[in-house]
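Colleague: The following block contains the structure, expressed as structure tokens.
The values are calculated or read from the model by the stated rules, or taken from the named source; none is laboratory data. Being a predicted model, the structure only gives us computed values, none of them experimental. Here the Cβ positions follow ideal geometry from the backbone for every residue, glycine too, while neighbour counts run over all protein chains shown. Remember, those area values only see protein heavy atoms, side chains included, never the ligands or the DNA or RNA. Shrake-Rupley method; radii C 1.70, N 1.55, O 1.52, S 1.80 Å.
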Amino acid sequence: MISERKPAKICRYGMAVDIDKCTGCGACMIACAVENNVPPGNPDATDLTGITWLRVFKVDNGEEYPRKESVYFPMMCQQCGVETPCYLVCPQQAVDVDPATGIVFQMPERCLGCRYCMAACPYHSRYFNWWDPKWPAGMEKTLNPDVAPRMRGVVEKCNYCHGRWHAARQRAAEAGETEISPGDYVPACVEACPAGAIQFGDLNDPTSAPAIAAKDPESFRLLVKLGTDPKVYYHSKREWARRIGDPSQAPSPKEPSRG
Amino acid sequence: MDRRFIPAGVSRCSTAKFLLWLAPWAALLAFGLYSAGLCLVKGLNQTHMNNRFAFGLWIFLDLTVIALGAGAFFTGFLLYILKRKELRAVINSAVVIGLMCYGGAMAVLGVDVGQPLRAWFTFWYPNVHSMLTEVTFCISCYLTVLLIEYVPIVLKNRKLRQIPHFLVFQHELHKLVYVFAGVGTFLSFFHQGSLGGLYGVLRGRPFAFREELGIWPTTFFLFILSAAAVGPSFILLTTWLVQKISGKRLVRPQVLQSLGRISGLLLAAYVLLKTLDTLVWLNRTTPRSGFLPAQYYAWKPFGVWILAVEMALFLVPMVILLTPKLRARAGWLVSSAAMACCGVAVNRFVLTIQTLALPTLSFDRFLQYLPSWQETGTFLAVLAAAVLVYSISFRYFELFPEERELRREPSGRPETAPAMAGK
Amino acid sequence: MRNTRRNVLKFIGGAAAGAVLTPVPWRLITDTALLSENWPGVPRPLRGEVSARYTNCSVCNAGCAVRARCVGGQPVSLAGVKGHPLSRGGLCAVGVAAHQLPYCAGRLTQGPVEAAAGVIARAAANCNAATAGTPGAVCNPTESIAVLDLRPGRTASWTYRRAMGAVRNGLYLTAAGPFSGAAVDLSKTHTVLSLGAPVLDGWGTPGNVLATRANFRLIQAEAIESRTASLADLWLRIQPGSASALAMGIAAALKKGSVADGAAATGLTERQITDLAADLTQHGPALVLPGYDCPGAWALNQLTGGWGEAVVARREAPVPEQWKNCAPVTGLESVPDGSIRTLIIDESAPGDYVPWGAIRRKLVADNPVVIAFAWSPDGYRRHALLTVPTAVYPETLEDIPAAIDSPAPVFRLAAPLIAAPAGVVNPPEFVAKAVGIDATNALRERADAIRKAGRGVLITYADGRTRPVAQVTPEDFWKALNEGACWMDTESRRTAPPAMDLPVLDAQPFEHTRMSFAVLAETATAAAAPVSPLMTKLDRESNLRLGRSRAALHPETARSCGTADGRRAMLETALGKCPIEVVVDASVPPGVVQVAASPEVIDICGASARARVAPL
């Protein structure tokens, strides 16, 4: 099994997201769906039953105009490093944490569809296939051959475009290298972002963007006190935005704005 | 027509009347099977569950019926291990109820998962860290135990007993009843507990997450205790209901009162420990997770009242059931048993539905969930199947050994259930 | 062994027990999982050699450079090309999935091609031969045949001009407004006042806007909290429909006149307007960008010091001399009403959607002939007599006009990555052929003319090189353009555009009436409608965008209209009605219907209108 293999070099892949740069264009969301063969939404799908491995939210500071400020907040699997909730609760080990990369990956072929992992995830980054996936006629030609499509009744989630990691390993092997070079393995969302708001890298490499963000006092992570050690570092110059990660600071219940 | 199959010494209504009783339940079962069939064929989009409400009506009702069906193991434990002889009067009924509760829960789980064909994966690739693995193993094994315990009840039927092999088989099986009771208790301890552990380990849901005792969260033990407390109440309730519907005296009043007292004692222990646990959870566990207790009850409609109702539904029956004068009166006895059962339902509801409704991220919205008719129908199938199997068992098998003696005795104290002769 | 029932049963029991000890039943158990992994209809992705091909995205005028990852020749994913001087590696949400456009539901592949060719040929012949009172003439002497080009500035546009030039009473029409032929230079501006233009939401070239964002302060004046408004440095919430009034108010402030009217109409204070005007002059060069409902506000740039700096004239890429003898460019508004007999609408390349009412007015009252060239069923096909199907990106070979924020002339091709289905046509070649002109090599001729002019550089994407065009042979130039490259004229001098008159405006204060005010949202994506089926991720499977056929209402407005979140309703204006789905959103101002732009909505709303929302 993958978890039992001894890795040559331990990477801890993470992301650094600058929410001051994100414009909410959604290119990352679409690139993710294209790369990972996520099917178009069923006509009856809503924002609670759709599949968006990466989802951008609009979050505001709770004030009204003119003091209202908003940011766009990309949310993907936080790849929890400690006490990974989904990994611990899956009854048939359909979730595995790869020690070589730190990526928490989901095996849809093993998944029973009990959705316990979805209840366990505080970041709501897991999605269930409520319908059979359907692509319009001809569109299956545009599917990525490196990623298996999933069927109805299984859970799926972001895995940092693991297929691209495999491809990068292959290229490194063909070039006679043992490790992939940084920059050769880039998830689809990172590549697609026109503003460069999402950066990717190895947290064990002090020169990578996530490692630098980890040390930046203007960075924050979500729900840190839960003890899950998420590997996505968000950054903002605005103090109110940095409190997004702290649920006790949430604005009081009111009629919500959409998003 | 089927007189030959009805146990000797008891009277049952005519076949026609029985079929008339069965007919609406059979219709309900058909509707429920159709609903379940829709969910299996078309997929879980037939329900109103979604990515935030990953668990809905089915899991909530599964947990509730398993808690209520705990009467099966607990009565067995009390009778065969702790030698509480008076419970022999209800053990068969308890086994049938337990079988239907657990069988129904497993059937609904088969519809609830997205890939029922892969149900065996949990046994083939078990995850030792996961509470759900423990639940699956223990419930499957316990269902087998219940089936084995049900077999003698069936084989003791008047006609089936005439086959020598069956008679020998059930007699030999009965010698092992202590083993099965012990195994059943052991398994139930673990699966009732791990059902509680399902939620108590959810680090990502501070509303459900609890401190650990050993390797188990406190909800592990609280679920066992609440199930053990409410199991006897449910047996009490169902026995009284069956007496009322059939118009027969099935057990002596002392049996029901004994069940009530056991329930009351365990409720007392439960209320004490639950109060302690709640205080620790609100004051220590929650702030450590970075949340504020007030956030749990800030969202309508789940205000603090739901916590108060949950506690009241355990506290009030506890008081009544521990007061001998009140316990002796059927009205108080039965209504407090019903309250305790509702209390456990509210407790499971809070941990299933409220946990998922509450936001975790600071920009989450509070969500509402109402089950679809397909979900409700599927569960009604379980109810209908339970009533059907119980009715058939009641008619053809000896569920209440005391019934024969009570039929011969004159009706006694006015507080007992009225005997309508010759139904 | 005797053949007794007991022996048979013993044999079966023993066999079963023995089988359990073999791998057979355990293998069979695992095989049951196969049933759950291969379901009917499971798609099989293509297998084949993986290659990269380059092109430019023709979904909008940004024309962002695209690297397509192809499997066996079929594009499976698209990405931007870093290092491109304009698009800078940016590719928007629509562009990233644009390789799926050919597979949209309802995409047109069949149509009355022969009939349309015949109609155009006859109409042209009749126009040429028409004299007063000729019986059976399709075209009276005063009536014209016209082509409405919704994406002017292409080589195809020249083909249409040539075709219409060959026909008497032939008109080449655009709806581009007075500002075509000019561009903005974001790198030269320090303050941008956008009057509702979706600057950060699909305007211009997104990669360029984001790269220059740090240079300028963005002030967004808009009635609704659009994406740009929420991200701007300052959002001025003005009354719906008062963008023109704000422009007039600023003009008045700059000329030291009274801003009282502007303040009353917009809901801002006089101080805010005068401060805004001061901002534009003191922190210049400033740029005023009109929104969808106030195109005349371009003229304001003449007063803010940006004219000639931030707003410049832009020439087209060189054109073969022999083409210049052709029909002139005519604005749709300047055509007399009721004078067009045969109208050809080229909708094949996404551009601004003109409300049908504005077009219908120009057609003759009785039996006009409208032929639409489209690949999508949602646009003018609803109004046209004949709809001829066309190819769609990435099946097409076409050039992309320069974007509004590209001050230098550019020429780039969208190269075909997949074959178009049989039955679709190339609209400009089709129209030209019908009137007797051969335009099959138009793009090659254009490329040769550009190469011959000898100016500018060729930027190739595969190797990231930039070479002066003079160093490239005409063959290589054409080949490079077909393999994804961009020509850019780096040598033009910056000049100011021709002077524009400030529009005279009757500033009306906004009044709350029982009718709500419909404000168009997401106007940039409306131009690129429809989009890949995956775009449901943005509007249906998340709340990032409103999405077509949806309108957002404030909770109070929804209640007063008798509707609620998720309900279907009818949006009614004086011009018609269309069904919508209601979304309740507390950030929408009360009394406003924020409706996502789409052809049906624009038909009944225009740029903005008074509307009613009635529950269905």
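Colleague: Select from B:21, C:172, C:543 the residue farthest towards the positive end of the dipole of the protein assembly as shown; place +1 on Cβ of Lys and Arg, -1 on Cβ of Asp and Glu, and compute about the Cα centre.
Modeller: B:21
Colleague: Before anything else, pin down the relative contact order of chain C: Cα pairs under 8 Å, at least 6 apart, normalised by residue count, whole percent.
Modeller: This gives 17 percent for chain C.
Colleague: Here's a follow-up. For an R0 of 25 angstrom, estimate the FRET efficiency from the Cβ-Cβ distance between residue C:382 and residue C:440 and round to the nearest 0.05.
Modeller: It comes to 0.20.
Colleague: Can you give the three extents of the C-alpha atoms in segment C:248-326 along their principal axes, from longest to shortest, in whole Å?
Modeller: For segment C:248-326, the Cα extents along the three principal axes come out at 56, 25, 18 Å.
Colleague: At a 1.4 Å probe, what is the % contribution of carbon and sulfur to the accessible area of the protein assembly as shown?
Modeller: 60 percent
Colleague: Residue by residue through segment A:128-138, which ³J(HN,Hα) values in whole Hz follow from phi under the Karplus form 6.51 cos²θ - 1.76 cosθ + 1.60 (θ = phi - 60°), with glycine and proline marked x?
Modeller: 9, 7, 6, 10, 5, x, 9, 10, x, 4, x
Colleague: Could you give the dipole magnitude of segment C:182-313 about its Cα centre, charging the beta-carbon of Lys and Arg +1 and that of Asp and Glu -1, in debye to the nearest 20?
Modeller: 160 debye
Colleague: Percent of Cα-Cα pairs per 5 Å bin, from 0 to the last occupied bin, for chain A, please list those.
Modeller: Calculated over all Cα pairs of chain A, the distribution is 1, 6, 12, 17, 19, 18, 14, 8, 4, 1, 0, 0 percent.
Colleague: How much FRET efficiency would the formula 1/(1 + (r/R0)^6) give for residue C:479 and residue C:82, where r is the Cβ-Cβ distance and R0 is 22 Å, rounded to 0.05?
Modeller: Plugging the Cβ-Cβ distance into 1/(1 + (r/R0)^6) gives 0.45.
Colleague: Going by Cα centres, segment A:89-153 and segment C:556-616 are how many Å apart?
Modeller: 38 Å
Colleague: Dipole of chain C, Cα-centred, from +1 at each Lys and Arg C-beta and -1 at each Asp and Glu C-beta, to the nearest 20 debye?
Modeller: So the magnitude is around 1940 debye.
Colleague: Let me ask another. Picking from B:162, B:273, B:311, whose Cα lies most toward the positive end of the charge dipole for chain B (charges on Cβ: Lys, Arg +1; Asp, Glu -1)?
Modeller: Value computed over the given set: B:162.
Colleague: Another question, then. Taking a quarter of the surface of the Cα convex hull of chain C, what do you get in nm²?
Modeller: Over all viewing directions, chain C projects a mean Cα-hull area of 40.1 nm².
Colleague: Can you figure out the FRET efficiency of residue C:496 with residue B:284, using R₀ = 56 Å and their beta-carbon distance, to the nearest 0.05?
Modeller: 0.20
Colleague: In Å², what does the accessible area per residue of chain C work out to with a 1.4 Å probe?
Modeller: Accessible area per residue: 41 Å².
Colleague: Mind pulling the angle between the C-alpha long axis of helix C:442-453 and the longest principal axis of chain C? Nearest 10 degrees, somewhere in 0 to 90.
Modeller: The answer is roughly 60 degrees.
Colleague: Determine the gain in length on full extension of the stretch residue B:31-residue B:316; use 0.36 nm per residue of separation and subtract their C-alpha separation, reporting nm with one decimal.
Modeller: 98.9 nm
Colleague: Rg to Rh ratio, segment C:177-333, alpha-carbon atoms and Kirkwood radius?
Modeller: Here Rg/Rh amounts to 1.01.
Colleague: Now a separate question. What do you get for the angle between helix C:113-129 and the principal long axis of chain C? Use alpha-carbon atoms, 0 to 90 degrees, nearest ten.
Modeller: Once rounded, one gets 20 degrees.
Colleague: Could I ask something else about it? Going out from 0 in 10 Å bins, what whole percent of all Cα-Cα distances in the protein assembly as shown drops into each bin?
Modeller: 2, 8, 15, 18, 17, 13, 10, 8, 5, 3, 1, 0, 0
Colleague: To the nearest hundred square angstrom, how large is the accessible surface buried between B and A, total for both chains, probe 1.4 angstrom?
Modeller: 4700 Å²
Colleague: Could you work out [θ]222 nm for chain C from helices alone, using -39500 (n - 2.57) per DSSP H run of at least four and dividing by all its residues? Round to the nearest 500 deg cm²/dmol.
Modeller: So the helix-based figure for chain C works out to -7500 deg cm²/dmol.
Colleague: Across the residues of A:79-85, average count of Cβ atoms on other protein chains within 10 Å?
Modeller: 2
Colleague: How large are Rg and Dmax for segment C:1-75 when only the alpha carbon atoms are used, in Å?
Modeller: Cα only, segment C:1-75: 28.9, 90 Å (Rg, Dmax).
Colleague: Taking a temperature of 10 °C and a viscosity of 1.306 mPa s, what whole-number D in µm²/s does Stokes-Einstein yield for segment A:5-155 with Rh from Kirkwood over alpha carbon pairs?
Modeller: 91 µm²/s
Colleague: Using protein heavy atoms only (no ligands, DNA or RNA), what is the total accessible area buried between A and C, 1.4 Å probe, nearest 100 Å²?
Modeller: 4900 Å²
Colleague: Would you mind calculating the relative contact order of segment C:517-615 from Cα pairs under 8 angstrom and at least 6 residues apart, reporting the percent as a whole number?
Modeller: 41 percent
Colleague: Which residues does the label zone of residue C:322 cover in segment C:433-474, counting backbone N under 17 Å from a point 7 Å along Cα→Cβ?
Modeller: Flagged as within label range: C:433, C:436-453.
Colleague: Dividing the convex hull volume of the alpha carbon atoms of segment B:297-390 by its residue count, what do you get in Å³ per residue?
Modeller: It is 129 Å³ per residue.
Colleague: If you don't mind, another one. Quick one: check the C-alpha center-to-center distance for segment B:181-238 versus segment C:163-189, whole angstrom.
Modeller: 75 Å
Colleague: Roughly how crowded by other chains is peptide C:43-54, in terms of the mean Cβ count from those chains within 10 Å of each of its Cβ atoms?
Modeller: 3
Colleague: Moving on to the next point. Quick check: the distance between the Cα centres of segment A:194-227 and segment C:409-447, to the nearest angstrom?
Modeller: What the calculation gives is 49 Å, centre to centre.
Colleague: Next question. Inside 10 Å of the C-beta atoms of A:186-194, what's the mean count of C-beta atoms belonging to other chains?
Modeller: 5
Colleague: Using a basic spin-label model with each label point 7 Å from the Cα along Cα→Cβ, how many nm lie between residue B:19 and residue C:330?
Modeller: In this crude spin-label approximation the distance works out to 8.8 nm.
Colleague: As a test of the formula, what do you get for chain B when each DSSP H run with n ≥ 4 contributes -39,500 (n - 2.57) and the sum is divided by the residue count, at 222 nm and rounded to the nearest 500 deg cm²/dmol?
Modeller: The helix contribution divided over chain B gives -21000 deg cm²/dmol.
Colleague: Relative to the longest principal axis of chain C, what angle (0 to 90°, nearest 10) does the C-alpha long axis of helix C:5-20 take?
Modeller: That helix lies at roughly 50 degrees to the long axis.
Colleague: Then there's this: So, with +1 on the Cβ of K and R and -1 on the Cβ of D and E, and no other charges, what is the size of the charge dipole of the protein assembly as shown about its Cα centre, to the nearest 20 debye?
Modeller: Once rounded to the nearest 20, the dipole reads 5340 debye.
Colleague: Between C:220, C:291, C:301, whose Cα lies farthest towards the positive end of the dipole of segment C:182-313 when Lys and Arg beta carbons carry +1 and Asp and Glu beta carbons carry -1, centred on the Cα centre?
Modeller: Checked the options; the winner is C:301.
Colleague: For chain A, what does -39500 (n - 2.57) per DSSP helix run (n ≥ 4), summed and divided by total residues, give at 222 nm, in deg cm²/dmol to the nearest 500?
Modeller: -4500 deg cm²/dmol
Colleague: Right, something else. Counting just the Cα atoms, what span does segment B:308-361 cover along each of its three principal axes? Round to the nearest Å and put the largest first.
Modeller: 51, 14, 10
Colleague: Using the basic label-point model (7 angstrom from Cα toward the beta carbon), what is the residue C:258 to residue B:83 distance in nanometres?
Modeller: The answer from the label model is 10.8 nm.
Colleague: Quick check on my link table: of A:134/C:577; A:58/A:231; B:175/B:244, which ones sit more than 24 Å apart, alpha carbon to alpha carbon?
Modeller: A:134/C:577; B:175/B:244
Colleague: A further question follows. How many times 2.2 N^0.38 Å is the alpha carbon radius of gyration of chain B?
Modeller: Taking the Cα Rg and dividing by 2.2 N^0.38 Å, one obtains 1.01.
Colleague: Given points 7 Å out from each Cα along the Cα-Cβ axis, report the residue A:207 to residue C:358 separation in nanometres with one decimal.
Modeller: The modelled label-to-label distance comes out at 5.4 nm.
Colleague: Here is a follow-up. Considering all projection directions equally, how large on average is the shadow of the alpha-carbon convex hull of segment B:191-329, in square nanometres?
Modeller: Its Cα hull, projected and averaged over all orientations, spans 10.1 nm².
Colleague: Would you be so kind as to identify all helices of chain B, as entire DSSP H runs, whose Cα atoms reach 30 Å or more along the helix's own axis and whose mean Kyte-Doolittle hydropathy is at least 0.5?
Modeller: What comes out of the filter, once short or polar helices are dropped, is B:15-42, B:91-112, B:131-155, B:177-200, B:218-246, B:253-280, B:373-396.
Colleague: How large is the direction-averaged shadow of the alpha-carbon convex hull of segment C:517-615, in nm²?
Modeller: 5.6 nm²
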